[in-house]
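Below: one structure, written as structure tokens.
No value in this document is a laboratory result; all are computed from the given coordinates. Small disclaimer: the values here were computed from a predicted structure and weren't measured. Heads up, the Cβs are rebuilt from the backbone with ideal geometry, glycines too, and the neighbour counts pull from every protein chain shown.
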Amino acid sequence: MKCFLRRLGSRVLGVLHGFDRMRFRGSKRQLCYAAGMLGWLGHARVSLKEFKLFARETTETLCRSIQAAAEQAGLFEYLNSSQTSKEETALKRARRQGRHEGLIAVLACVEPCQTMQVRGNPQTKLLELRSEPAKCKHYYHYYLDPVYGLRYTRMQTWFPFTMHVGLNGREWLAQQMTEAGMAFTQKDNCFTWIEDFAAAQTLAQRQLTTAWPKLLDRWAKESCPLLFDQLLKGVLPYYWSLEDGEYATDFAFRSADDLQRWYPKLVQYAQMVLHGTDVLRFMGYRVRHDGRPRQDLVDEVRTTVKEFVEGTRVKHYAAGNSLKMYDKFGQVLRVESLLRDLRHFKVYRGLEGQEDGPKEYRRLRQGVADVHRRAAINQKINERYAEALANVAETTPLAELTKDLGRRRKWQGRSLRPLNPLAPEDVALLEAIGRGEDALNGFRNRDVRQRLYGDAPAVERKRQSAKVTRLLRLLRGHGLIAKVPKTHRYQMTDQGRRCVTALLSARQATTQELLLAA
């Protein structure tokens, strides 16, 4: 981040971190697995033979309650296709009816979901409960909230009555800034100008301290009071988790020309220079010493580039999660990460239900208790990616950058040979030190040795390590890397980063691309 702002800071108005789209999932955990559901049915005195009739009557009662109230208020609409945009439909109805606050629409449609069903077991000849995919009616309640902006609830009308709640962090921030009397310019879900970016960031940070269970329970009950008050008595409250949380880092540029001059280069760099292992490391995954991903992450990294009305999007997919970059309305560079698979991420916390007890590094939870911890991980991912993109912000011609590499140098009384950017051995060396994952912590002799030579017997490793020492000395003499004081690590200098990035990018470019750039 600091490197990115140092290179492009004069063109950037400000930076804003925070959640964009957020979708929470509410689960009645007691009803989501067979044993828990059997226990509740026993408490309600419902046998498995009676379950289908009981479930249908419960669903019909719930649907009548929701639909009758919505029709009476003139807010109900049934959608024939689940592919229809609910948000657009709700906003059109609100404009047509002149509604500017509160409940603006109640939409119904049939959609896929996970349901509880009773099925016969051919082996035991007994009935049993199963969780299986099916389709049922869902109700969407859309609200224009004076505090949170546009939000919605999505209610599944068959057991286990899963609930989803959605809102947009940028819309919420817009309401916060309006309340604080702060001037800003908003386009869709981004801000091209804010009067005080630092104050806006403080407001965005407050979102992370929200008492989510209390707030989400209130919104859920507001949409379906009958479910809470009568139909599911004795069931534990909803367990809320953040199913989708897009965390965005926005760089607002002073003018569209400034961003458009750099963005094609950023796209080319992300597509042609960054490797799959770079993306994995940006996203916090461990990579083997030889630079290859672990066996469980092989073939799970890919990059796509797509054109949208808002701009060009570069998206990296890695192990079920994603990291993307796009130019919003030609003036905002957005880096956005989305974590869906949290198995590989750990945070420092106590056990669930014992938050004040002994803490240690444990798995990051999907639940709302870890929303603030997930935000911190997302922000680090975005910053590592921006740090790598900083390598592109260079205006010096390639010939000027590399003119001294082909000359002999004197360093600490030693005569050092020239570097040849076209020789295979020197190219491999530059690739070994030019990886984006080293931007934060640097690299060691063993890292470079592993990347150059791979696994080898102990005796051979010692010889290879001695050669790498000489190569690192060569790079230091040419000013490409510097030793981190009091460590065994090295980092690329600003000059080295510019030279190596330019050389590697030129090697990947076609003749036509080089002629166009010239």
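Okay, here's what the table says:
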quantity	calculated
Value of relative contact order over the chain, rounded to a whole percent, pairs C-alpha under 8 Å and six or more apart	15
Residues with amide H under 5 Å from that of LEU13, placed H, sequence gap 5 or more	ALA252, PHE253, ARG254
Computed over the stretch 1-129: relative contact order in percent, which uses C-alpha pairs under 8 Å that are six or more apart	21
Listed residues GLY320, GLY434, PRO418: farthest to the positive end of the dipole of the chain (Cβ charges)	PRO418
Positive-end residue, the chain charge dipole about Cα centroid, Cβ charges, pick of LEU342, CYS499, ALA70	CYS499
Ratio of Rg to Rh over the stretch 141-185 (Cα coordinates, Kirkwood Rh, two decimals)	1.18
Cα-derived Rg over Rh, computed across the chain with Rh taken as Kirkwood radius	1.05
For the stretch 137-194: relative contact order, % (alpha-carbon pairs under 8 angstrom, 6 or more apart)	24
Fewest-first sequence of GLU336, GLU111 by Cβ atoms within 10 Å of each Cβ	GLU111, GLU336
Test item: Cα-centred dipole of the chain, Lys/Arg +1 and Asp/Glu -1 on Cβ, debye	2260
